[in-house]
């Protein structure tokens, strides 16, 4: 009974924290604008110096630190208005109007013509507009999501720590992408299990944890947490992250269209980045770890090790005496 209470408490807390970003998001830039004013000479001097440093930084970089609400608004415009609205207008306005026009002018033969016109028109629209814009928005969203996370973290936590070693940063990013990709495949395979209802539930659990990882990854990276520490924290405290990822998963999981689902995800995801930045995860005291990432971590390590071993140049083998070989091993230890 205590276990069930703990799970429900963590789940409920995570669910509430996930939707908190919808009203917390507007407090970020407001706090920057509403800093306390002082009439003292020292405060005015400090303010002028800060303004001069900001202006100097702006001249050097050629750009300002983006505001959180401004970036979120840009994500909504690109993904919701430009991309999402174009899909809606094409499918539910343009095509029905064109079909009615054909029926008006062509009469009974309009149905036969529409059978050929509609797929061809949809294919052309998808080829010259939907796919290029979808891919472009994916690339742009990567940078905008990062800007939102960094700006929010600086306003709440201070300067991001990150991973100082550049090679470690690249390896962490690459392995993270591989693991998340394989975990998404694992979630899809769980949905194919011949267990009616249970397969959907298991796949939903996977997607909830994955969406939580997506949202919290920006914050944890800025805190200097490496990948395996992030995964272990989610597995150990899975009730909270199950609840945190539930709203985004529920909204995007049952949409058959990949483009519409991706559009909704891109519009809503910045809010969950804000929620993750403000969240206080509930630690699971039961000690029951849900190790769903273990398989994909093992698989990713095997693949990366095989690639590294394959690309490593082979050194000429030398036949050392046995006693020298063993002593060299002992000294290297």
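Derivation of every value follows stated rules applied to the coordinates shown; laboratory data play no part. Since this is a predicted model, take the numbers as computed values, not measurements. Here the Cβ is made from the backbone with ideal geometry for all residues, glycine too, and neighbour counts use every protein chain on show.
Rg over Rh for region 91-154 works out to 1.35, using Cα positions for both radii and the Kirkwood form for Rh. Using just the C-alpha positions of region 205-305 as equal point scatterers, what log10 of I(q)/I(0) does the Debye formula give at each q in 0.10, 0.12 1/Å? Evaluating at q = 0.10, 0.12 Å⁻¹ gives log10 I(q)/I(0) of -0.30, -0.43.
Could you work out the mean projected area of the convex hull around the alpha carbons of region 100-231, in square nanometres to one decimal? Could the numbers behind the result be given before it?
Details: hull surface 54.5 nm².
That works out to 13.6 nm², a quarter of the Cα hull's surface.
Extension gain for the segment residue 200 to residue 280, taken as residue separation times 0.36 nm less the Cα-Cα distance, is 25.9 nm to one decimal. Mind jotting down the distance between the C-alpha centroids of region 103-157 and region 187-208, whole Å? One Cα centre to the other: 28 Å. Rounded to the nearest 0.05, the FRET efficiency derived from the C-beta distance between residue 304 and residue 250 at R0 = 30 Å is 0.35. Extension gain, residue 81 to residue 4: 0.36 nm times the residue separation minus the Cα-Cα distance gives 23.4 nm. In a fully extended conformation the segment linking residue 90 and residue 223 would gain 43.5 nm over its present Cα-Cα distance, using 0.36 nm per residue.
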